[in-house]
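Shown next, in structure tokens, is the structure this report addresses.
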Amino acid sequence: MNNRAAKLISFFFLLVMAFIWIVPLVYTFLTSFKNEADLQANGFTILPINWVMTNYQDVLFNNTSAPLAKWFMNSLIISASQTILVVVVVSLAAFGYSRLKFRGRNALFLFLMATMMFPSVVNLIPLYKMIDSLGWVNSYLAAIVPGAAGVFNIFLVRQFLNGIPREFDESARVDGASDFQIFLKIILPLLRPVLTVVALFTFTGAWNDFLWPSIVFNDVEKMPITPGLQLIQGMYQLDIAHALTAALIAIIPTFILYLFTQKYFVESLSLSSGVKG
């Protein structure tokens with residue numbers, strides 16, 4: 001097979017995959033403007049017969065038992081707060097494991113890496129017990145704090161940091177800079193590419209998380225939007241237009257985030273598959 005034929009096959013394969021991913025999204029978008037009565041009467045149609053905005057009004061403003069607008073804001077607060085916390089904790093932890101010398105550093109890091117071998121679902125019960133003992137159930141802290149120190153994020157940033165010449169640290173230390181000053185003024189700016197990747201994946205992960213918020217939130221007003229969609233699905237199980245409208249609203253932030261940060265997502269592939277070190 002020559003190079004031209006291989007490129008042609010790759011193009012058609014990617015075209016088919018793009019079609020499979022895009023069509024449901026387009027159908028969901030168009031269905032959000034359909035009248036439920038028309039949808040039930042006419043079945044599967046691409047374009048709405050009567051374009052309406054009532055679906056958005058109903059799910060956002062006319063539903064006190066499923067406050068989608070409140071859930072949306074809850075998710076924004078949780079995702080943004082967790083992203084900031086993760087960037088701070090991960091960058092400091094990676095700096096310590098890469099640059100600071102202390103007894104048992106390598107053994108501790110290997111133990112930390114070993115915890116990645118356990119599925120996260122194993123931690124659900126003890127983690128919930130800890131959250132409950134702290135009185136954090138039904139609070140933002142229950143969704144924000146447990147995800148603050150992802151092991152893979154620490155590994156990724158540490159490996160990237162190992163590729164930064166130590167001569168920068170030594171020069172600053174000769175000038176009288178402390179370890180924290182070296183981290184804040186020299187290392188942190190150089191970590192911006194990898195920390196941007198960590199922040200993007202943390203935000204999307206926190207926004208799309210379903211299992212853990214479903215466990216720690218039982219107050220409808222305090223739920224984030226992803227577990228809230230389950231309630232909406234139960235309420236609108238025979239109302240496809242409203243259910244799809246709520247789902248479409250839920251993906252707007254991550255869609256916009258990806259739209260404006262595509263290059264960072266592409267960079268993440270090279271960072272995660274061939275990290276420096």
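Since every read-out is calculated from the coordinates, none of them should be taken as a lab result. These numbers come from a predicted model, not from an experiment. Positions of Cβ are backbone-derived with ideal geometry, glycine not excepted, and every protein chain shown enters the neighbour counts.
General remarks:
- Reachable aspartates and glutamates from Lys222, criterion Cα separation under 14 angstrom, eight or more residues apart if same chain: none
- Fewest-first sequence of Glu221, Glu36 by Cβ atoms within 10 Å of each Cβ: Glu221, Glu36
- Contour minus Cα-Cα distance for Asn50 and Ile252 (0.36 nm per residue): 70.3 nm
- Whole-Å distance, taken between Cα centres, linking the range 182-258 and the range 77-108: 22 Å
- If R0 is taken as 41 Å, the Cβ-Cβ distance between Ala18 and Leu124 corresponds to a FRET efficiency of 0.70.
- Top of Pro165, Pro48, Pro253 by mean-square fluctuation, Gaussian network on the chain, Cα under 10 Å: Pro165
- Seen from Ala243, the other residues with C-beta closer than 13 Å to its C-beta sum to a net charge of -2, counting Lys and Arg as +1 and Asp and Glu as -1.
- If you take the Cα centroid of the range 57-71 and the Cα centroid of the range 118-149, the two points sit 27 Å apart.
- When the listed pairs Lys34/Lys263; Lys7/Lys263; Lys34/Lys70 are checked against a 27 Å cut-off, the alpha-carbon distance exceeds it for Lys34/Lys263.
- Ascending count of other beta-carbon atoms within 10 Å, so fewest first, for Tyr27, Tyr97: Tyr27, Tyr97
- Length added when fully stretched, Phe61-Phe102, from 0.36 nm per residue minus Cα-Cα: 9.2 nm
- For the chain, built as a Gaussian network whose Cα springs stay under 10 Å, the top-fluctuating residue of Thr245, Thr204, Thr54: Thr54
- Under the span-like rule (Cα at least 27 Å along the axis, Kyte-Doolittle mean at least 0.5), DSSP H helices of the chain: 3-31, 68-99, 240-260
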